[in-house]
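Reading through the structure tokens given below for one structure.
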């Protein structure tokens, strides 16, 4: 009869979590060769990958339930060496994580991740989806991508040694949690979200294995400096709150002093522009930068008057700040070219308005309609 070590006996739930992670890791590794398949394979069968992920989860959970049921019964009968089971399962999880996460790291260094097709660079920003936006943002700086990759690769190497597993998990978990949030809120593919969540759960599992050590290091350990006495305890607690309160109050005060415009904020289409009594033609913007087609009001970020109806180009537009008095319906625009537009607004609704103003020696009348994005 094999006697189980006293410190290797664990709860049924712990065994199930450990076994499920190991099973998911093994099944995930079986799919690794698919990375070498041609693009045509993914075009043909890519739509079924979500079902594959569901199948992996189902097989892993069902297999773990059966495995743990047998294991737990044998442990209660003192007929199993549980420590060896834990060693194998945790070893599988560690090596699976190291392979998977370091693969993402090398993908960044070798530039197979965060690369943007050039045709996407000519797309309007409002038409770019979350994944394309994320890829372009992180791919904009190769050194930044390499730094992220080094954290992923370095943490993965630490996972391969039992002595440094905890350090590796602590390095990788913040990286993976950030990736989970990006995958979730920027609507990256379901497969990427699934992998990032599973990797994060596996890293949390290793942290929980060392929860007593972490409690000692981050909670029980007290700094050996003299205590600063400030009278009553409530006074010290108030002082602790002060930095956060000052940060909030300062920003709130700035907002009150400089109200954030919500009345004009948005993109407006110039439906009609009359300058000095002359109606500007629909094609005047091709040769005249003052024949505006779009006006952008952006609150704190100022405003821009653009001639091009299809895209915004700073070099051909007038950019500045503005002040709008909603009670008097007056508008003053201070362009960075030291030019000023003073106007009154009439017929203002949420969808349209008319401007009557003076810019330098020119009189202007502009009919605007709001563009919804």
(message) Angle check, please: helix 142-159 long axis (alpha carbons) against the longest principal axis of the chain (alpha carbons), in degrees 0 to 90, nearest 10.
(response) 20 degrees
(message) Just want to confirm a number: the relative contact order over the chain, from Cα pairs under 8 angstrom separated by 6+ residues, in percent.
(response) 10 percent
(request) Under a 10 Å cutoff between Cα atoms, tell me which one of 99, 251, 208 has the largest fluctuation in the Gaussian network model of the chain. (result) 251
(message) Test of understanding: ordering 252, 236 by Cβ neighbours within 10 Å, fewest first, what list do you get?
(response) 252, 236
(message) Among 342, 233, 294, which one shows the highest mean-square fluctuation when the chain is modelled as a Gaussian network with alpha-carbon springs under 10 Å?
(response) 233
(message) Taking the number of other C-beta atoms within 10 Å as the exposure measure, put 17, 303, 238 in order starting with the fewest.
(response) 238, 17, 303
(request) Give me the angle, in degrees from 0 to 90, between the Cα long axis of helix 165-185 and the longest principal axis of the Cα atoms of the chain, rounded to the nearest 10. (result) 40 degrees
(message) How would 18, 313 line up from fewest to most surrounding beta-carbon atoms within 10 angstrom?
(response) 313, 18
(request) Give me the angle, in degrees from 0 to 90, between the Cα long axis of helix 12-30 and the longest principal axis of the Cα atoms of the chain, rounded to the nearest 10. (result) 70 degrees
(message) Within the range 45-74, name every residue whose backbone N is under 20 Å away from a label modeled 7 Å from Cα of residue 131 along the Cβ vector.
(response) 45-56
(request) Rounded to the nearest 500, what is the 222 nm mean residue ellipticity of the chain from helices alone, with -39500 (n - 2.57) per DSSP H run of 4+ residues and division by all residues? (result) -16500 deg cm²/dmol
(request) Report which label in [x] 5, 22, 27, 23, 15, 7, 1; [y] 5, 24, 31, 26, 12, 2, 0; [z] 4, 15, 18, 16, 16, 15, 10, 4, 2, 0, 0 holds the value of P(r) over Cα pairs in 10 Å bins from 0, in percent derived from the coordinates of this structure. (result) [z]
(request) Averaging sequence separations of C-alpha pairs under 8 Å and six or more residues apart, then dividing by the length of the range 266-371, give the relative contact order as a whole percent. (result) 27 percent
(message) Between the range 140-154 and the range 101-122, what is the separation of their alpha carbon centroids in Å?
(response) 11 Å
(message) Connecting C-alpha atoms closer than 10 Å in a GNM of the chain, tell me which of 176, 37, 353 has the biggest fluctuation.
(response) 37
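Throughout, read-outs are computed from the coordinates displayed, never taken from laboratory work. Keep in mind that this is a model prediction, so the values were computed, not measured. Reconstructed Cβ throughout: ideal geometry from the backbone, glycine too, with neighbour counts over all protein chains shown.
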